[in-house]
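Participant: Below are the structure tokens for one structure; questions will follow.
Nothing in this text is a laboratory measurement; each read-out follows from the coordinates by a stated rule. No experiment lies behind these values; they were computed from the predicted model shown. Every residue, glycine as well, gets a Cβ built from its backbone with ideal geometry; the counts of neighbours run over all protein chains shown.
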DNA sequence: AACCTTTACTTTGGATCCAAAGAACAATAA
DNA sequence: TTATTGTTCTTTGGATCCAAAGTAAAGGTT
């Protein structure tokens, strides 16, 4: 049972349902009934209906022709496509930012992200908590760039495509081998961030775009990056 | 008062509201109240609430911090961004299709669109009805390409970004000068379609992508294309 | 007279009730 | 025995009611 918001004691039905789906409680392909979900979340059917509609537009649910919703299932190709879509859009954002010029504030933000990433790398290895640190860091870096373009249209377009279940970092299994892989992936991602930052600073729009598009592929599990096997979950949040 | 659906006598609240907004009945920046809209459309507040949520995700409405929704207003830069977003995504679709290879069925579809475009051009001038013919034709061409990629993820990403009010062709003023401009624009668009088709047929992915991205800009009013003045409405639907 | 507090009203979000559409099942006829 | 039709039940969509939160206004106090 998901916890309610402290602020008003209300349950965020959308978030809860999204969680249930990404946890696999509602399996891909499964039919979702309003009443069933409502009872499970202890709310009435109305907020569930609203949530269904939202999640449909996010792409998590699919309206069946006749009636009702079904949990959408994603193929490996879907994952790759989602990554490419994100790359295309963030690439667009990067190009615009480079052409527009990086303000001092954004420059400082990005530099901060990079130095924090540097600090993480210097330790030479990762512990479990570092994963979360990196996720936040990475998110900040990307958000800063997208935000700095100043275009809500682009920002929203990216946000709208960032709801697929494999875009969450929750499902990483953390053992030593995984930490090693993560470390390698982190090194790569950090290097790419540096390059993107360089291109942005120099105002090299086309290069910034290209680098950002390439960078998106790191969302696929590192180690399977070049073979594209086993791409069930990406870990490069946002 | 919008007409109800013949099928079940029900009113499509989302479509009606979208129409009201694009017609300017609800002006950009205006606060939208559930009750007010409900009374205007002669429905209860519930479907309006559903519609608000949908239209918010489409980007037509904006949730204000405190409460309520506001009709979103789009700047000229927003229009340009939306065009570039579409270009980026359709470019992606075109590249994928080229790399995957065009099936005979899709090849036939595209050829059909091209020959119908050719027929339209051969007349040497346009009449009012031709505008609609071209709009359909153009839509078919783009839909065929996006559909042929076989990726719902990409398809949906494009669909989600195709709801902005300026993406509709309704607002073209049709006088002789406008028809002349449309004819010129049509020639250009047709030529671009031909090039895209060529690249697709040859399996030239990068080129197809580039051409498609460029083609997106024709969504801005032709004649103001190079100066980017007066870009309030685009006419290249879908 | 200005500011703070309290109260009333506006507006949104949630719950329950009702109607209609679709699906499943059963019964009857061929 | 199978197919078709009618009936019942499930499930969704809409309407109305209720509660809570936020806003505005009015009155009191300093």
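Participant: Quick one: with label points 7 Å out along Cα→Cβ, list the inter-copy distances for residue A:143 in nm, shortest first?
Facilitator: 3.9
Participant: While we're looking at this one, here's another question. Can you check how the C-alpha radius of gyration of the range A:76-219 compares to 2.2 N^0.38 Å, as a plain ratio?
Facilitator: Numbers: Rg = 14.9 Å, N = 144, 2.2 N^0.38 = 14.5 Å.
Normalised by 2.2 N^0.38 Å, the Cα Rg of the range A:76-219 equals 1.03.
Participant: Separate question: Between residue A:201 and the same site in the other copies, what are the distances in nm, shortest first, taking label points 7 Å from Cα along the C-beta direction?
Facilitator: 4.9
Participant: Which values, in whole Å and largest first, are the semi-axes of the equivalent ellipsoid of the range A:1-101 obtained as the square root of 5 times each eigenvalue of the Cα gyration tensor? Working shown, then result.
Facilitator: On the way: eigenvalues 191, 75, 27 Å².
Gyration-tensor ellipsoid for the range A:1-101: 31, 19, 12 Å.
Participant: Let me ask something additional. Averaged across A:90-103, how many Cβ atoms of other chains sit within 10 Å of each residue's Cβ atom?
Facilitator: Values: counts 1, 1, 7, 2, 0, 2, 4, 0, 0, 0, 0, 0, 0, 0.
Counting other chains' Cβ atoms within 10 Å and averaging over A:90-103 gives 1.
Participant: Next up: Compute the distance in nm between two label points, each set 7 Å from the Cα along the Cα-to-Cβ direction, one at residue B:136 and one at residue A:206.
Facilitator: Label at residue B:136, label at residue A:206, 4.1 nm between them.
Participant: Where does the Debye-calculated log10 I(q)/I(0) of the range A:59-139 sit at q = 0.13, 0.26 Å⁻¹, using only Cα point scatterers of equal weight, no solvent?
Facilitator: Result of the Debye calculation: -0.73, -1.14.
Participant: Going by C-beta contacts inside 10 Å, put A:214, B:90, B:204 in order with the fewest on the left. Please report the intermediate quantities before stating the final value.
Facilitator: Working: A:214 14, B:90 25, B:204 17.
So the ranking, lowest neighbour count to highest, is A:214, B:204, B:90.
Participant: Could you give, in nm with one decimal, how far residue B:34 is from each other copy of that position, shortest first, with labels 7 Å out from Cα toward Cβ?
Facilitator: In nanometres, ordered from closest: 1.5.
Participant: Output the Kirkwood hydrodynamic radius of the range B:13-71, Cα pairs only, in Å rounded to one decimal. Kindly include the intermediate steps, with their values, before the conclusion.
Facilitator: On the way: mean 1/r = 0.0899 Å⁻¹.
The Cα-based Kirkwood calculation yields 11.1 Å.
Participant: May I pose another question? For A:84, B:122, what ranking results if the residue with the fewest other Cβ atoms within 10 Å of its Cβ goes first? Before the final figure, lay out each step's value.
Facilitator: Values: A:84 23, B:122 7.
Listed from fewest to most nearby Cβ atoms, that is B:122, A:84.
Participant: When only C-alpha pairs under 8 Å and at least 6 residues apart count, what is the relative contact order of the range B:13-71, in percent? Write down the numbers at each step before the final one.
Facilitator: Numbers: 59 pairs, mean separation 24.5, N = 59.
Rounded, it is 42 percent for the range B:13-71.
Participant: Could you tell me how far the Cα centroid of the range A:32-77 sits from the Cα centroid of the range A:99-132, in Å?
Facilitator: 38 Å
Participant: Let me ask you something else. Find how much the distance from residue B:129 to residue B:214 grows on full extension, using 0.36 nm per residue of separation minus their present alpha carbon separation; answer in nm with one decimal.
Facilitator: Working: separation 85, 0.36 × 85 = 30.60 nm, distance 2.70 nm.
That pair, residue B:129 and residue B:214, stretches by 27.9 nm at full extension.
Participant: Students often check this: by mean Cβ neighbours within 10 Å, which of B:189-197, B:39-47 ranks highest, and how do the rest follow? Show your work: numbers first, answer last.
Facilitator: Numbers: B:189-197: 19.4, B:39-47: 15.0.
Highest mean packing first, the order is B:189-197, B:39-47.
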